[in-house]
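> Structure in structure tokens, see below.
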Amino acid sequence: MGLKTPLYDTHVQQGAKIVDFGGWDMPLHYGSQIEEHHAVRRDAGMFDVSHMCIVDLTGGRVRDFLRLLLANDVGRLKTPGKALYSCMLLPNGGVIDDLIVYYLSDTWYRMVVNAGTRDKDLAWIRRHAADFDVAVVERKELAMIAVQGPNARRKAALLLMPEQQAAVLELKPFFGAAFGSWFVARTGYTGEDGFEIMIPAAEAADAWNRLRQQGVAPAGLGARDTLRLEAGMNLYGNDMDENYHPLESGLAWTVAFEPTDRDFLGREALQRAQREAGRELVGLILEDRGVLRSHQKILVGGATTAGLSGEVTSGTFSPTLNRSIALARVPKTSQPTVQVDIRGKLHAARIVKPPFVRHGKPLIDIS
Amino acid sequence: MSNNIPSDLKYTKSHEWVRQAQGGALEVGITDHAQSALGDLVFVEVPDVGRALKEGEACAVVESVKAASDVYSPLAGKVVANNSALSSKPELLNEDPYGAGWLFRLETSAPLDAASFMSASAYETFLAEEAK
């Protein structure tokens, strides 16, 4: 018996196939993973993401604390409600976790970290927060529902009071705000527009059912994975972990080296890594039939890289492209095509720049 | 989880079903339990017509969003037909595993009754044991 979110009984009633996900009993799908995927790309779908860990950080020096703790710079956040995606690094540059942090006030930031890394994240955060007199409070009483898709915001807004609806629809991308007991953010993990809604656990089932009445399709972790991979978004534990730094995980854009006088955990190691050839995370699209899957070996051609190998970090079948796609870590000077060992046979795959799909549209030429 | 297990078919421990088809050939597919466990299928590879198969030989691949799985020939024989519709519509196997989702037909000299297949009730018991 695993951990259960406040929506567990609702999932079971609605026919979910439940699987273990990092110790949590979570819905894999409610019938067809591919139909749920298309619902999000074409209309609106919703995910229970209550297993994720919401942490409030408060104190007079909380900003200084986060500027040390995170590789991205919360100093860039000037408007209350604005969110930032960042990695939290070990001193050697290894990724402890990836997260979203919201700037709520000069003395209050909110972070959302992964479920599977909750304990080590909280321990790490608390260890460093002590020096800054920052209070670290996990908001276990909050559930979280991600409503995603081209019609997601409009449908979700209908659950709010009439006077709140216009305001929630005016939220800009990567901004969040409180609406009564809800905290609504225009963020997500699918490559579609939408909201992530933090809501008191006791209200979660009612909100879920009201969203369903608006035509928002329940979607499980299966669709969540194909959607995020099409969107070129990393999954912690697959595409990066403590053994890899952000620069070899496709996350260089999340590291704020400027201003140079900001010290952050991992900076020195990353500055050394910048000078090395190293590896990089790329997108792959399989030219043949078959499905790329994590841990498949990649053979790389080319004069300087011949004989070197890479590895698929996340692979799946893309329902939008009708082809298999992947994220893979390969030596940096790779050729435009590679060979992937799929069940003992070599298959050609093309290196592409993620995302594969964004706002319902393929971004990769597959003709 | 309830499974559809037609009483007129025979079953293997690797979750294939076998049906006596017209003209003496045997029709082979995977069970409702197997398709449900795999989830949405995205690729199905069936053996070429004319191919000679050994008993227990991996001869087809069913690949879902989640995993790839081999299908084993339940008997030795020669492939006399395959379900080419599955290459463009693999979802037929999810929708109708005992009908439109059949995989291939096998011409074999071995009589169906003589082989060590499970009956529907034996397969049901086998699934219950496996779930423990």
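Laboratory data are not the source of any read-out in this text; all were calculated from the coordinates shown. What you see is a predicted model, and the numbers here were worked out from it, not measured in a lab. All Cβ positions, even for glycine, are placed from backbone atoms using ideal geometry, and neighbour counts span all protein chains on display.
> Taking 0.36 nm per residue of separation and subtracting the Cα-Cα distance, what length does fully extending B:LYS89 through B:ASN3 add? Display every interim value, and only then the final one.
Numbers: separation 86, 0.36 × 86 = 30.96 nm, distance 2.26 nm.
28.7 nm is the gain from fully extending B:LYS89 to B:ASN3.
> Determine which lysines satisfy two conditions relative to A:LYS361: a Cα distance under 26 Å, and not lying fewer than 8 residues away in the same chain.
A:LYS155, A:LYS172, A:LYS353, B:LYS66, B:LYS89
> A further question on this structure: For A:LEU247, A:LEU89, which order do you get if you count the other beta carbons within 10 Å of each Cβ and list the fewest first? Numbers along the way, then the final one.
Numbers: A:LEU247 19, A:LEU89 24.
Ascending number of Cβ neighbours within 10 Å: A:LEU247, A:LEU89.
> To continue, here is another question. Report the gain in length on full extension from A:ASP261 to A:ASN243: 0.36 nm times residue separation, minus Cα-Cα distance, nm rounded to one decimal. Mind dumping the intermediate values first?
Values: separation 18, 0.36 × 18 = 6.48 nm, distance 2.65 nm.
That works out to 3.8 nm of additional length.
> What's the Kirkwood radius of segment A:277-362 in Å, using all Cα pairs?
This gives a value of 12.7 Å.
> Would you work out the relative contact order for segment A:277-362, in percent, from Cα pairs under 8 angstrom that are 6 or more residues apart?
On the way: 206 pairs, mean separation 31.6, N = 86.
Result for segment A:277-362 is 37 percent.
> As a check on your grasp of the helix formula, calculate [θ] at 222 nm for the protein assembly as shown: sum -39500 (n - 2.57) over DSSP H runs of n ≥ 4, divide by the residue count, round to the nearest 500.
Numbers: 13 runs with 109 residues, N = 499.
Helix contribution divided over all residues of the protein assembly as shown: -6000 deg cm²/dmol.
> Residues of B:65-72, mean number of Cβ from any other protein chain within 10 Å of their own Cβ, rounded to a whole number? Can you show the working numbers first?
Values: counts 14, 10, 2, 5, 0, 1, 0, 0.
That works out to 4 on average.
> Using mean Cβ contacts within 10 Å as the protection proxy, how do A:211-223, A:41-53, A:160-172, B:73-85 order, highest first?
Numbers: A:211-223: 21.2, A:41-53: 23.4, A:160-172: 13.1, B:73-85: 19.4.
Highest-to-lowest ranking by the protection proxy: A:41-53, A:211-223, B:73-85, A:160-172.
> Moving to a separate point now. I need A:HIS128, A:HIS37 ordered by Cβ neighbour count within 10 Å, fewest first. Let's see the in-between values first.
On the way: A:HIS128 16, A:HIS37 27.
So the ranking, lowest neighbour count to highest, is A:HIS128, A:HIS37.
> Separate question: Where q = 0.14, 0.17 Å⁻¹, what log10 of I(q)/I(0) comes from the Debye formula for chain B, counting one point per Cα?
-0.56, -0.85
> Other chains near B:35-42: what is the mean number of their Cβ atoms within 10 Å of each residue's Cβ? Write down the numbers at each step before the final one.
Values: counts 0, 1, 1, 0, 7, 13, 2, 11.
Per residue, the average neighbour count from other chains is 4.
> Which of the aspartates and glutamates could a cross-linker span from B:LYS132 if the Cα-Cα distance has to be under 14 Å and same-chain partners fewer than 8 positions apart are dropped?
Qualifying aspartates and glutamates at Cα under 14 Å: B:GLU124.
> Which whole number in µm²/s is D for segment A:37-155 by Stokes-Einstein, with the Kirkwood Rh taken over Cα pairs at 37 °C and 0.692 mPa s? Intermediate values should be presented prior to the final figure.
Details: Rh = 15.3 Å.
For these conditions, the coefficient is 214 µm²/s.
> Along the charge dipole of chain B, Cβ charges K/R +1 and D/E -1, which of B:LEU93, B:TRP17, B:LEU127 sits furthest on the positive end?
Projecting each Cα onto the dipole axis, the largest value belongs to B:TRP17.
> Let me know the whole percent of all Cα-Cα pairs from the protein assembly as shown that are separated by more than 39 Å. Walk me through the numbers before you get to the answer.
Working: 40239 of 124251 pairs.
Roughly 32 percent, rounded to a whole number.
> Considering only A:LEU265, A:LEU229, A:LEU159, give the residue with the highest GNM mean-square fluctuation for chain A, with springs between Cα atoms whenever their separation is below 10 Å.
Looking only at A:LEU265, A:LEU229, A:LEU159, the biggest GNM fluctuation is shown by A:LEU159.
> Continuing with this model, one more query. How would segment B:1-70 be classified by its alpha-carbon gyration tensor: rounded, prolate or oblate, with rounded meaning a/c under 1.5 and the a/b versus b/c comparison settling the rest?
Working: a/c = 2.10, a/b = 1.16, b/c = 1.81.
Oblate, because a/c is 1.5 or more while a/b does not exceed b/c.
> Could you work out the relative contact order of segment A:1-136? I mean the mean sequence separation of Cα pairs under 8 Å and 6+ apart, divided by the number of residues, in percent.
Details: 213 pairs, mean separation 30.4, N = 136.
About 22 percent, as a whole number.
> Let me ask another. Give me the distance in nm between label points sitting 7 Å out from Cα along the Cα-to-Cβ direction at A:LYS140 and A:ALA202, one decimal.
Each label point is offset 7 Å from its Cα along the Cβ direction, giving 1.7 nm.
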